[in-house]
Amino acid sequence: MKAKRKNLIIRAMVCAIFGALIGFIVTESIGIAGSPGQRTAAVWLGYSRLATYYEKEEIYQDKMKTLNDAYEKYCKDQGLNPKDSNNMTQWMNTETDLAAKLYANYANAQTDSQNALNQSLKEEFTFATEELEATCDRVSQISSAAWAGLIGLFVGFFMALCSLSRKMGFVKKILAALGIALLSAGLGALSGLFAETVYKALVPEDLGSLATLLARGLGWSVMGLGVGFSVGLIRPRLKKILLCSLGGFLGAFLGGCLFEIFAQLITTNGVMARGLALLSMGALIGIGVGFFLGQQLEEAG
């Protein structure tokens, strides 16, 4: 029985990782992950100028980060405190050409971003600032829901494939897995909306805070809950549904926390941070669901 439980956990983990990998590739390819997701959502809502602003803002953030990284490297090499503004002046006077180039790129990108925002505010919102802010919130919610929904779709589909009876016909099995995946996608989309609500209500400006870590984990946990719940509906029993939901919830919560940690450690590549976190989340969901299913199998045996 222990061997069956181990095999069940491994099979569930592999299927969930594969689903997370496919979901990662698809969401990155069609541009609904991270900052590109906001541009895509703005286009969906019919705000092309606002989409241009998101594009310019991403460039501005990249240029600002490049400038800060160069300055902090200089301070580290010289043993200086980067928070002391006098050291910024010293750096610009010492590494004049590099500092001037990076600062010019930063300033130009900032201007382009602000001009794009002003153009959107004028042409698409007739200077109604509150309407613009509300639309930006809606854009974030839609992009988050679309991303989480697709991740839930693929993880749910492959988890269902490994959980459905091998005696089912191929077509019937695919159709059943699709039905489970659609439910998982719907709950995943809800998790995206929930996550944005949590971030807006609870997370302070300090992106490295514990509150951000927990909020990210809670946001992702609803996606895992949906996957686990959907898989639990295969030959459903109340205890099975509850255990699968719990396994998915815990696995995705830890995966969300890992994403925040990866995002802090891998500051130069958001795509890599998302990829590592999604694969980790897939593995944890698979382990969580497989563990509780195996535990139930032992009890039944």
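The values are calculated or read from the model by the stated rules, or taken from the named source; none is laboratory data. Please read these numbers as outputs of a predicted model, since none were measured by experiment. Positions of Cβ are backbone-derived with ideal geometry, glycine not excepted, and every protein chain shown enters the neighbour counts. When the accessible area is computed, the model is the full protein with side chains, heavy atoms only, and any ligands, DNA or RNA have been set aside. Shrake-Rupley method; radii C 1.70, N 1.55, O 1.52, S 1.80 Å.
The charge dipole of the stretch 71-130, taken about the Cα centre with unit charges on the Cβ atoms of Lys, Arg (+1) and Asp, Glu (-1), comes to about 180 debye, rounded to the nearest 20.
Solvent-accessible surface (1.4 Å probe) assigned to VAL26 amounts to roughly 40 Å².
Measuring max minus min along each principal axis, the C-alpha atoms of the stretch 64-153 give extents of 48, 38, 20 Å (largest first). Surface calculation, 1.4 Å probe, protein heavy atoms: LYS6 sits at approximately 130 Å² accessible.
Using the Cα centre as the reference, give the magnitude of the dipole from point charges on the C-beta atoms of the chain (Lys, Arg: +1; Asp, Glu: -1; all else neutral), rounded to the nearest 20 debye.
Using only the charged Cβ atoms, the result is roughly 2280 debye.
Per DSSP H run of at least 4 residues, take -39500 (n - 2.57); add these up for the chain, divide by its residues and hand me the 222 nm value, nearest 500 deg cm²/dmol. Intermediate results must be reported in sequence, preceding the final value.
Working: 10 runs with 258 residues, N = 301.
Only helices count here, giving -30500 deg cm²/dmol.
For the chain, hydrophobic long helices are taken as DSSP H runs at least 24 Å long by C-alpha position along their axis with mean Kyte-Doolittle hydropathy of 0.5 or more; these are 2-29, 129-163, 170-202, 210-232, 238-265, 270-300. A dipole drawn for the stretch 44-104 from +1 and -1 charges on Cβ atoms has a positive end, and of THR94, ASN81, SER48 the residue lying farthest that way is SER48. How are the Cα pair distances of the stretch 18-105 distributed, in percent, across 5 Å bins from 0? In whole percents, the pair-distance histogram is 3, 13, 16, 14, 10, 10, 11, 11, 9, 3, 0. Straight-line reach from LYS167: taking Cα to Cα under 29 Å and skipping same-chain neighbours fewer than 8 places apart, the lysines in range are LYS2, LYS4, LYS6, LYS239, LYS240.
Rounding to the nearest 20 debye, state how big the charge dipole of the stretch 1-99 is about its Cα centre with +1 on each Lys and Arg Cβ and -1 on each Asp and Glu Cβ. Don't jump to the answer; show the numbers that get you there.
On the way: 13 positive and 11 negative charges, 231 e Å.
The dipole magnitude comes to about 1100 debye.
When the chain is treated as a Gaussian network with alpha carbon springs shorter than 10 Å, the biggest mean-square fluctuation among LEU238, LEU50, LEU254 belongs to LEU238. Between the residues CYS136, PHE262, SER221, the greatest Cα displacement towards the positive end of the dipole of the chain, with unit charges on the Cβ of Lys, Arg, Asp and Glu, is found for SER221. Take the chain with all the other protein chains still there, run a 1.4 Å probe, and you get 52 Å² of accessible area per residue.
Accessible area of the stretch 147-237 with a 1.4 Å probe: how many percent of it is carbon plus sulfur? The partial results should precede the final answer.
Working: 3190 of 4360 Å².
About 73 percent, which is the carbon plus sulfur part of the accessible surface.
Could you tally the net charge around ALA116, taking each other residue with its Cβ under 14 Å from the Cβ of ALA116, Lys/Arg +1 and Asp/Glu -1? Neighbourhood net charge equals -2. For the stretch 77-227, the C-alpha radius of gyration divided by 2.2 N^0.38 Å, with N the number of residues, is 1.60. So for the chain, what percent of the C-alpha to C-alpha distances run longer than 23 Å? Tail fraction, whole percent: 61.
Among residues other than GLU55 with Cβ under 12 Å from its Cβ, the summed charge is -1 (Lys and Arg +1, Asp and Glu -1).
Among the protein heavy atoms of the stretch 1-136, carbon and sulfur supply 53% of the accessible surface, probe 1.4 Å, non-protein parts ignored. Counting only protein chain heavy atoms and rolling a 1.4 Å probe, the accessible areas of VAL222, VAL14, VAL289 rank, largest first, as VAL14, VAL222, VAL289.
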